[in-house]
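*Asks:* A single structure is presented below for examination.
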Amino acid sequence: MTAALRSFITPTAILRLVLGWGVFIALQFMGSLLAPPVPLPLLVTALLVIIAVILICAFGVVTEAEHLADRLGDPYGSLVLTISICLIEVILIAAVLLGPGDHATIARDSVMAVSMIILNAVIGLCLLVGGLRHGALTHNRTGVSNYLVMIVVFAALAFAVPALIGTPDGAYESWQEIPIIVVTVGAYVFFLYRQMGPQAHEFTEAVPVGVATASASSSTETTRPSLTEAADQAELRRPQEAGQSESRRPEAADLAGGESQGIVAIISTHRVEIVVRLVLLVATVLPIVLLSHDMATLLDDGLGRLGAPVALSGVVIAMIVFLPETLTSLRAAWNGEIQRVSNLCHGAQVSTVGLTIPTVLVIGMLTDQPIVLAESPINLALLAITLLVSVIGFSAKKVTAVQGAAHLIIFVVFGLALFA
């Protein structure tokens with residue numbers, strides 16, 4: 001057991017944890033020194049140190065996530081990283097909401113920034129990198145279609161519907177919040193159940209039809225018996241089939257549960273490794289989120305001196321928080337694993353909206369705070385264009401680098417809209 005733990009908890013993993021948590025604790029003791037306005041040399045130094053430590057921890061998260069993905073397989077491996085980061089993001093937003101001050105739009109701004117980063121910047125880069133290196137990439141269209149359907153519905157509930165049926169400032173009426181919470185959580189839980197259970201095979205890497213057909217025909221040619229041999233084999237099997245037919249039926253009935261039995265067996269066999277790596281992953285993600293939260297004050301101070309829009313700070317924080325998932329997605333694209341890119345990115349988008357919106361609405365109800373969700377016309381237009389491009393692009397059998405360039409253009413326009 002000790003030797004196994006040492007193989008999982010490496011000196012590098014321990015060093016990442018010490019750096020991440022050590023810098024976070026040090027910043028808490030330096031709270032008074034980092035209160036705005038911060039002297040420019042100290043501001044630049046603190047930002048560089050925080051960003052460097054976040055990058056080091058992010059690579060640690062990627063390492064643990066890849067080990068889990070290799071052990072569990074998709075979609076389970078990608079789901080671990082997606083949900084862990086999204087849960088911590090929800091906790092961060094909840095902490096801001098429960099803190100002092102007016103934060104009525106924090107959920108809207110954060111989720112919109114995350115949406116544009118994931119759906120345009122990250123997916124755009126992945127399609128560009130994967131397309132340039134491997135050419136057109138085949139994905140599992142049924143799985144991606146499930147993601148996009150949920151994204152469209154959740155985006156409408158979060159950003160568009162409040163402006164149409166809610167209060168004049170873009171919040172849901174108090175009597176509307178409970179139905180929205182119930183349907184959002186219910187749809188998200190049902191989606192996870194289908195993704196991890198009966199439809200798990202729809203979220204695995206697709207095998208090109210031509211390759212599968214060629215393999216099948218080759219196998220048929222090499223194993224096809226002659227007519228005489230086939231007749232002899234049929235004659236020999238006939239007396240045995242009656243007795244074996246009953247025993248075959250349970251096996252056929254169990255095929256539907258093969259996926260779930262496989263993952264249960266994997267977890268049972270490698271229980272220690274999976275638990276240790278999950279703990280390491282969460283313990284390494286937490287400093288990233290906590291440091292990014294502390295970095296917000298420094299960014300606001302620095303951007304204020306530069307005359308940059310305050311909303312830019314939220315975009316930078318969102319990019320930092322989802323850096324581990326971005327790195328994992330880019331590595332998957334580099335390896336040509338486009339379905340894993342979809343599992344990470346589209347799955348992160350579904351989880352972000354499906355978890356964040358109900359959570360902030362519940363907090364708003366308990367604390368009697370208004371939660372403004374309705375977006376500006378320009379952001380709604382950009383989100384609609386993003387979803388349209390995603391649906392059109394991923395409805396094809398293969399995705400290409402051109403589609404990645406289109407997503408990156410939308411993200412650039414989103415950046416311009418921040419300064420408008």
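*Asks:* Going through Gly166, Gly143 one at a time, which residue ends up being more than 25 Å from Val321 (Cα to Cα), at pLDDT below 95 and either basic (Lys, Arg) or under 18 Å from the mean Cα position of the chain (by Cα) (or both)?
*Replies:* After ruling out the rest, the residue left standing is Gly143.
*Asks:* So in the stretch 79-102, with the set limited to residues that are among the small types (Gly, Ala, Ser) and at pLDDT below 70, which one is nearest to Leu280 (Cα to Cα)? Talk me through it step by step, then tell me what you get.
*Replies:* We begin by selecting, within the stretch 79-102, every residue among the small types (Gly, Ala, Ser); these are 84, 94-95, 99, 101.
From what's left, at pLDDT below 70: 95, 99, 101.
Details: Ala95: 23, Gly99: 28, Gly101: 34 Å.
That would be Ala95.
*Asks:* Identify, by number, the condition in (1) under 23 Å from Ser351 (Cα atoms); (2) open to solvent by less than 10 Å² (accessible area, probe 1.4 Å) that Gly130 doesn't meet.
*Replies:* Of the numbered conditions (1) under 23 Å from Ser351 (Cα atoms); (2) open to solvent by less than 10 Å² (accessible area, probe 1.4 Å), the odd one out for Gly130 is (1).
*Asks:* Here is a further query. Within the stretch 391-409, work out how many residues are under 18 Å from Leu125 (Cβ atoms) and of a type in the set (Val, Ile, Thr).
*Replies:* The number of residues fulfilling the criteria is 4.
*Asks:* Now, a different point. Out of all the residues in the stretch 67-83, which are among the acidic types (Asp, Glu) and buried (at least 21 other Cβ atoms within 10 Å of the Cβ)?
*Replies:* Once the filter is applied, which keeps residues that are among the acidic types (Asp, Glu) and buried (at least 21 other Cβ atoms within 10 Å of the Cβ), the stretch 67-83 yields only Asp74.
*Asks:* Based on this model, can you work out whether Val316 counts as more than 16 Å from the chain's Cα centre (by Cα) and closer than 19 Å to Cys86 by Cβ? Steps first, please.
*Replies:* On the way: more than 16 Å from the chain's Cα centre (by Cα): yes; closer than 19 Å to Cys86 by Cβ: yes.
Against the criterion (more than 16 Å from the chain's Cα centre (by Cα) and closer than 19 Å to Cys86 by Cβ), Val316 qualifies.
*Asks:* Related question: Counting only residues that are over 30 Å from Asn343 (Cβ atoms) and surrounded by 13 or more Cβ atoms within 10 Å (Cβ to Cβ), which one in the stretch 31-66 is modelled with the lowest pLDDT?
*Replies:* Checked the stretch 31-66; the qualifying residue modelled with the lowest pLDDT is Leu34.
*Asks:* Determine whether the stretch 130-139 contains at least one residue that is under 21 Å from Ala381 (Cβ atoms) and either modelled with pLDDT under 90 or of a type in the set (S, T, N, Q) (or both).
*Replies:* No, every residue in the stretch 130-139 fails to be under 21 Å from Ala381 (Cβ atoms) and either modelled with pLDDT under 90 or of a type in the set (S, T, N, Q) (or both).
*Asks:* Right, something else. So in the stretch 151-196, with the set limited to residues that are among the aromatic types (Phe, Trp, Tyr) and out of contact with any Asp or Glu (no Cβ under 8 Å at 6 or more places or on another chain), which one is surrounded by the fewest Cβ atoms within 10 Å (Cβ to Cβ)?
*Replies:* Here the answer is Trp175.
*Asks:* Could I ask something else about it? Pairs only if they're at least six apart or on different chains, beta carbon under 7 angstrom, first in the stretch 6-23 and among the acidic types (Asp, Glu), second crowded, with 18+ Cβ neighbours inside 10 Å and assigned to a helix (DSSP H, G or I); list them, first residue then second.
*Replies:* none
*Asks:* So, one more: Which one of the conditions (1) closer than 28 Å to Leu290 by Cα; (2) in contact (Cβ under 8 Å) with a residue 40 or more places away in the chain does Val316 fail to meet, given that it meets all the rest?
*Replies:* (2)
*Asks:* Hey, another quick one. Can you find even one residue in the stretch 266-280 that is outside any helix (DSSP H, G or I) and open to solvent by 30 Å² or more (accessible area, probe 1.4 Å)?
*Replies:* Filtering the stretch 266-280 down to residues outside any helix (DSSP H, G or I) leaves 270.
Of the ones still in play, those that are also open to solvent by 30 Å² or more (accessible area, probe 1.4 Å) are 270.
Yes, the stretch 266-280 has at least one match.
The values are calculated or read from the model by the stated rules, or taken from the named source; none is laboratory data. If you're wondering where the values come from, they're calculated on a predicted model, not measured in any experiment. Heads up, the Cβs are rebuilt from the backbone with ideal geometry, glycines too, and the neighbour counts pull from every protein chain shown. For accessibility, only protein heavy atoms count, side chains too; no ligands or nucleic acids. Shrake-Rupley method; radii C 1.70, N 1.55, O 1.52, S 1.80 Å.
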